[in-house]
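Below is one structure; the comments refer to it alone.
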Amino acid sequence: MRKPTQDRSTFKLWGSIALATVMKAGVLLYASTASAQADFPNKPIRMLVPFTAGSGADGSARILAEQMQRSLGQSVLVENRPGASGAVAAMAVKQAPADGHTIMVPSNSPMAVNPIVMKNPGYDAVKDFKAVHGISRSMNVWYAANDSAFKNIADLVAAGKAKSLNIGSYSAGYHLGIAWLSNLSQAKLTYVPYKGQSQVINDVIGRQLDAGMGDLGGALPLIKAGKIKALAVSGETRHPSLPEVMTIRELYPEYANYAWTSFYVRSDTPAAAHAKLVEAMKKGLVSKEAANYFTANGSEPMIDFGPERMTKYQLDEIERFRKIADAAGIKAE
């Protein structure tokens with residue numbers, strides 16, 4: 001009996017149809033993805049700030065949200081997601097769709113300090129996110145109530161050698177800054193964690209805290225208004241807006257510390273969406289409104305810190321904070 005034979009032409013026909021179907025699906029998927037990227041943004045954009053209102057990151061986010069709305073043609077909404085030194089906001093962005101519509105506006109704490117002081121923050125600050133653009137850099141400021149006996153940081157250090165003092169702040173980066181001064185001076189300065197600077201300032205004024213430390217940009221208006229008094233700034237030189245306020249470096253030459261804020265998105269955000277955010281951010285930073293804001297708050301705008309430079313800066317900062325943590329004897333927990 002003759003064995004049945006396969007019709008090779010039939011196999012070729014079906015094979016061609018299957019290949020054509022796969023190729024057509026691929027073209028449609030590519031076209032759909034390309035169209036989605038080209039249409040970006042196609043819905044409101046969310047900016048997640050890791051701290052409460054009153055912080056430097058919050059103020060920067062709100063002024064830039066207004067400017068970016070004009071460039072992008074979509075609403076830009078600022079949401080405060082405080083907690084765990086910025087880790088709460090970082091996790092929320094990590095879990096959001098990687099389509100460019102969710103932006104994180106972190107300080108150096110979640111992006112350069114948490115990787116050092118937290119064993120498992122729940123995210124990888126380098127691998128899970130990519131920089132859009134730097135926003136601003138600001139000195140830290142130490143402050144006390146107007147009726148405090150401390151006239152400057154030297155008075156605070158002297159008092160801290162006699163008894164333990166409670167110093168309020170709201171992120172791991174500031175925790176390191178407090179521990180560093182405590183280590184250098186041998187003063188007993190206990191870090192008291194908060195979710196935002198406004199709460200710290202309220203408790204400093206109410207004398208529930210001996211002093212506070214945080215972002216100069218957020219505190220400067222209240223210092224100038226006479227609500228609190230500055231004890232020291234953390235920069236390499238005195239701040240031009242507070243020339244009468246000493247630097248910590250005048251007591252301890254190795255001490256200089258800054259906070260910074262930047263825009264980040266998920267690392268797998270499409271290139272086209274990322275590029276549009278970069279351009280909108282650049283325009284926002286050089287706007288008159290942003291310039292006035294940075295001047296009023298004593299911050300340095302990071303005009304030239306595009307994605308590549310900001311990424312390098314972040315990596316350098318991780319190493320700098322690692323050295324500070326080692327000097328202060330702080331271990332990951």
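When peptides 221-234, 83-96, 281-294 are sorted by average Cβ neighbour count within 10 Å, with the highest value leading, the order is 83-96, 221-234, 281-294. The alpha-carbon of Lys282 sits under 17 angstrom from the alpha-carbons of these aspartates and glutamates, leaving out residues fewer than 8 places away in its chain: Glu66, Glu300, Asp304, Glu308.
When the helices of the chain are scored as -39500 (n - 2.57) per DSSP H run of n ≥ 4 and the total is divided over every residue, the value at 222 nm lands at -14500 deg cm²/dmol.
Within the listed set Pro41, Pro50, Pro253, the Gaussian network model of the chain (springs between alpha-carbon atoms below 10 Å) gives the highest mean-square fluctuation for Pro253.
Separation of segment 185-212 from segment 56-109 is 26 Å, based on Cα centroids. Ligands, DNA and RNA are left out, and with a 1.4 angstrom probe the accessible area of the chain is 47 Å² per residue. Its Cα centre serving as origin, segment 72-145 has a Cβ charge dipole (Lys and Arg +1, Asp and Glu -1) of approximately 160 debye. Take every DSSP beta bridge whose two residues both sit in the chain; close to 60 percent of them are antiparallel. Potential lengthening of the chain between Ala98 and Ala296 amounts to 67.8 nm, from the contour at 0.36 nm per residue minus the alpha-carbon distance.
Membrane-span-like helices in the chain, defined purely by DSSP H runs whose alpha carbon atoms cover 24 Å or more axially and whose average Kyte-Doolittle hydropathy reaches -0.5, are 8-38. Highest GNM mean-square fluctuation among Asn120, Asn166, Asn257, for the chain modelled with Cα contacts below 10 Å: Asn120.
Non-local lysine pairs in segment 126-253, meaning eight or more places apart or on different chains, with alpha-carbon distances under 29 Å, amount to 23.
The values are calculated or read from the model by the stated rules, or taken from the named source; none is laboratory data. Bear in mind that the values here come from a model prediction, so they are computed numbers and not experimental data. In this analysis, Cβ positions are derived from the backbone assuming ideal geometry, glycine residues included, and neighbour counts consider all displayed protein chains. Side chains included, ligands, DNA and RNA excluded: accessible areas come from the protein's heavy atoms. Shrake-Rupley method; radii C 1.70, N 1.55, O 1.52, S 1.80 Å.
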